[in-house]
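The values are calculated or read from the model by the stated rules, or taken from the named source; none is laboratory data. Since we're looking at a predicted model, the values are computed, not measured. FYI the Cβ positions are ideal-geometry reconstructions off the backbone, even for glycines, and counts take in every protein chain you see.
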């Protein structure tokens, strides 16, 4: 149980990281919220699968294996870079209740594992990234509230009105005083801190609206995935700069370095591809797979008769892909400078 206060807002309440227990086995809010976020993300991905040219049955296989790879790599990332945590057995490695995971280990594991599965079951990887980006942001934004119940993922001291304080945070600062002083200067155990979990959650939910806007205006497969990496990288870079529990190597914040790298590389790829599309002057150049005749025919939307009737093709495909914006190539003439 933690007593949490927001002094500047005049709010205070008690929270318990344990939601309930079954035969003495504690079920934590963190796990519930992570599972709920993942469930919602999968539902969103399933709902939009055909919009991006993804087989719904194959999607579930990819998600299952991707989740396994994500948890394994997220745990390995944490164990590798956490100075104050040592694993002495395989059992301890997989005991997530006694240790943590790292977000960019999770993300990297999910990306690599899903790529392997896509190659095996012949699913277009870039289409998959576009399909899962929106759901991933929703799940990420919701899952961050698990950190609130655990009273973790907080930053340095702040005088801002939404600064947060709890007895759990005070104990953490006391235990790690030397490390915090070395990395951040003086961090007061009795002063409010930045609720960085809240910053990231808000950033993710704003990102949901941003990504949704670009879904109907995408110009090539992989564009939505790249925009997710850019958006997430910017937000994470800011939050990581404030966190007191960041993982370091040689004085460098690992997650911050990784998220900036993801964002920069993704932005370069996005701008380069958009420039090629503009220079090609071909409305079908790198056209999204879900809008091609090949996919429309495979999905049963387009028949051989329809190929000679463009108006019929567009009308019928609207029923599968949502709106006329999704099937017309006119959208490819929009500004090429937005990220």
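Figures for the structure shown
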read-out	value
Failed item in (1) surrounded by fewer than 19 Cβ atoms within 10 Å (Cβ to Cβ); (2) touching a strand residue (DSSP E or B) at 6+ places or on another chain (Cβ under 9 Å); (3) assigned to a helix (DSSP H, G or I), with residue 190 passing the rest	(3)
Some residue of segment 213-228 being under 30 Å from residue 157 (Cα atoms) and assigned by TED's automatic domain parsing to the domain that holds residue 102	yes
Helices (runs of 4 or more DSSP H) (entirely within segment 69-167) containing at least 2 residues that are at pLDDT 90 or above and crowded, with 22+ Cβ neighbours inside 10 Å	103-121, 125-150
Residue 120 vs. criteria free of Cβ contacts under 8 Å to residues at least 40 places away in the same chain and more than 21 Å from the chain's Cα centre (by Cα)	yes
Residue in segment 45-58 that is surrounded by fewer than 16 Cβ atoms within 10 Å (Cβ to Cβ), modelled with pLDDT of 90 or more and over 17 Å from the mean Cα position of the chain (by Cα) present	yes
Segment 292-309 residues that are under 14 Å from residue 127 (Cβ atoms), paired with ones that are modelled with pLDDT of 80 or more and not in a helix (DSSP H, G or I) (beta carbon under 6 Å, 6 or more apart)	295/53
Residue 291 being more than 29 Å from residue 105 (Cα to Cα) and either modelled with pLDDT of 90 or more or surrounded by 13 or more Cβ atoms within 10 Å (Cβ to Cβ) (or both)	yes
Residues satisfying the stated conditions in segment 232-261, i.e. under 30 Å from residue 285 (Cβ atoms), without any contact (Cβ under 8 Å) to a residue 60 or more places away in the chain and either surrounded by 16 or more Cβ atoms within 10 Å (Cβ to Cβ) or touching a strand residue (DSSP E or B) at 6+ places or on another chain (Cβ under 8 Å) (or both)	233, 234
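Here's the yes/no breakdown for (1) under 30 Å from residue 190 (Cβ atoms); (2) in contact with a helix residue (DSSP H, G or I) (Cβ under 8 Å, 6 or more places away or on another chain); (3) part of a strand (DSSP E or B):
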| residue | (1), (2), (3) |
| --- | --- |
| 12 | yes, no, yes |
| 19 | yes, yes, yes |
| 27 | no, no, yes |
| 31 | no, yes, no |
| 35 | no, no, no |
| 40 | no, yes, no |
| 54 | no, yes, no |
| 65 | no, yes, no |
